[in-house]
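*Asks:* Here it is: the structure, laid out below.
The values are calculated or read from the model by the stated rules, or taken from the named source; none is laboratory data. If you're wondering where the values come from, they're calculated on a predicted model, not measured in any experiment. All Cβ positions, even for glycine, are placed from backbone atoms using ideal geometry, and neighbour counts span all protein chains on display.
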Ligand SMILES: Cc1cc2nc3c(=O)[nH]c(=O)nc-3n(C[C@H](O)[C@H](O)[C@H](O)COP(=O)(O)OP(=O)(O)OC[C@H]3O[C@@H](n4cnc5c(N)ncnc54)[C@H](O)[C@@H]3O)c2cc1C
């Protein structure tokens, strides 16, 4: 049995806590605010394999399998629906982007189909507008409730013996003889032989004092939620250039996002202009969104890495340290798998999926081409 500290109560940290507590380890998770306070509580909640980088696709496919059984495993309904994902084309140029995506992902073994015209798209999703020219369709993608799912992992971890401390901020990772020894918090020290850092956008600040560089840029995404509507849309939709995405929640509310922007300062509320712009963009493909009453708006932060792939790694320089961050707008779906991978690394097992593409050291090997978030739901 190892003493393991986890920093961060998002879906990555809580899923890791649950996996490790089930194995009988002494797990303490600390969260500076509350469970699901950051990206995991603010996300669109898409659970998709389509549009994934080839290195991420096997993780997303495994995650979709896990999502199917999560309510039973965690003992709580998480509103998971395997009801499909559409990536929409609105211009002739976007048709080619979507067609290429389908071609590439079918070659990787994903059952993604090309819907070549508006009639084919609306046969799948009648609520979409006649301005949509084509789409990709992955029937096995879907969505879930982010707050319910993250809390379900946290509650299950607790039931399996984990200690979860909310309102406790990690100030520093303690090192003795190049090994982690614990976490210093405002409420004292937590001794640990392993420390998992799953602190989202705050991860670089925790790693920097250890000489580890995680180059994250923060993207601010505006999110709009409507009053409940009658059942209108089963699928999650994104668009070819990722400037908006949306879905209808199980309770009937529409939830949609813009594509994010690199604002110099972050506020919890999007500007009125940002809300107007995203409503207009979404209404262009889903007309009912234009007439829906807005109930709530908020912003979320995306922890974007230079190659838009996460770090899931045990860096050699600091024994006992595991990093799981930089999910670049894709980490909600991956949560159940990321948690298991953290557990594998923490107990010294060979990770159950190939994590070579997710090493932190890749950022030391020279500059990577800049990328932008691809929020497709
Ligand atoms: C608007 C939006 C839409 C998105 N849409 C999708 C989608 O459709 N599908 C998808 O798969 N992904 C999506 N994502 C991405 C996904 O939500 C994230 O990748 C995922 O939630 C990341 O989870 P996490 O646990 O790694 O990080 P987070 O949820 O950010 O959790 C990190 C936690 O660490 C805590 N913390 C930070 N520093 C400290 C500290 N020093 N001490 C203690 N605690 C600390 C924070 O308070 C936070 O709760 C979206 C993201 C956003 C913002």
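*Asks:* When you go through (1) touching a helix residue (DSSP H, G or I) at 6+ places or on another chain (Cβ under 8 Å); (2) away from the ligand (no atom under 16 Å from the Cβ); (3) not in a strand (DSSP E or B) one by one for residue 114, which number turns out not to apply?
*Replies:* Every listed condition holds for residue 114 apart from (3).
*Asks:* Residues to consider are 203, 163, 185; find the one that is modelled with pLDDT of 95 or more, in contact with a strand residue (DSSP E or B) (Cβ under 7 Å, 6 or more places away or on another chain), near the ligand (Cβ under 9 Å from one of its atoms) and farther than 24 Å from residue 269 by Cα. Walk me through it before giving the result.
*Replies:* On the way: 203 fails: farther than 24 Å from residue 269 by Cα; 163 fails: near the ligand (Cβ under 9 Å from one of its atoms).
Among 203, 163, 185, only 185 is modelled with pLDDT of 95 or more, in contact with a strand residue (DSSP E or B) (Cβ under 7 Å, 6 or more places away or on another chain), near the ligand (Cβ under 9 Å from one of its atoms) and farther than 24 Å from residue 269 by Cα.
*Asks:* Moving to a separate point now. Of everything in the stretch 205-250, what is without any contact (Cβ under 8 Å) to a residue 40 or more places away in the chain and surrounded by fewer than 21 Cβ atoms within 10 Å (Cβ to Cβ)? Give them in sequence order.
*Replies:* Residues satisfying the conditions are 205, 208, 209, 228, 230, 231, 243.
*Asks:* Okay, moving on. Kindly indicate which of 34, 51, 45, 13 is more than 7 Å from the ligand (Cβ to nearest atom) and under 18 Å from residue 151 (Cβ atoms).
*Replies:* On the way: 51 fails: under 18 Å from residue 151 (Cβ atoms); 45 fails: more than 7 Å from the ligand (Cβ to nearest atom); 13 fails: more than 7 Å from the ligand (Cβ to nearest atom).
Exactly one residue qualifies, and that residue is 34.
*Asks:* Taking residue 35 as meeting all but one of (1) more than 30 Å from residue 135 (Cα to Cα); (2) part of a helix (DSSP H, G or I), write down the number of the exception.
*Replies:* Result: residue 35 passes all but (2).
*Asks:* If you go through the stretch 65-84 one residue at a time, do you hit one that is in contact (Cβ under 8 Å) with a residue 24 or more places away in the chain, out of contact with any helix residue (DSSP H, G or I) (no Cβ under 9 Å at 6 or more places or on another chain) and within 16 Å of the ligand (Cβ to nearest atom)?
*Replies:* yes
*Asks:* Here is a list: 29, 20. Which entry is part of a strand (DSSP E or B) and either within 16 Å of the ligand (Cβ to nearest atom) or at pLDDT 95 or above (or both)? Steps first, please.
*Replies:* On the way: 20 fails: part of a strand (DSSP E or B).
After applying the criteria, what remains is 29.
*Asks:* What pairs come up if the first residue lies in the stretch 172-196 and is closer than 20 Å to residue 315 by Cα, the second is at pLDDT below 95 and surrounded by fewer than 19 Cβ atoms within 10 Å (Cβ to Cβ), and their beta carbons are under 7 Å apart, counting only those six or more places apart or on different chains?
*Replies:* 193/2; 194/2
*Asks:* Let me ask something additional. So how many residues does the stretch 313-332 have that are more than 10 Å from the ligand (Cβ to nearest atom), within 22 Å of the chain's Cα centre (by Cα) and assigned to a strand (DSSP E or B)?
*Replies:* Residues that pass the stated criteria total 4.
*Asks:* Out of the strands (runs of 3 or more DSSP E) lying entirely within the stretch 206-299, which hold 1 or more residues that are farther than 27 Å from residue 82 by Cα?
*Replies:* Working: elements: 217-226, 236-239, 244-248, 254-258.
Passing ranges, in order: 217-226.
*Asks:* Would you say residue 53 is touching a residue at least 24 places away in the same chain (Cβ under 8 Å) and crowded, with 19+ Cβ neighbours inside 10 Å? Explain how you work it out, then say what you get.
*Replies:* Values: touching a residue at least 24 places away in the same chain (Cβ under 8 Å): yes; crowded, with 19+ Cβ neighbours inside 10 Å: no.
No.
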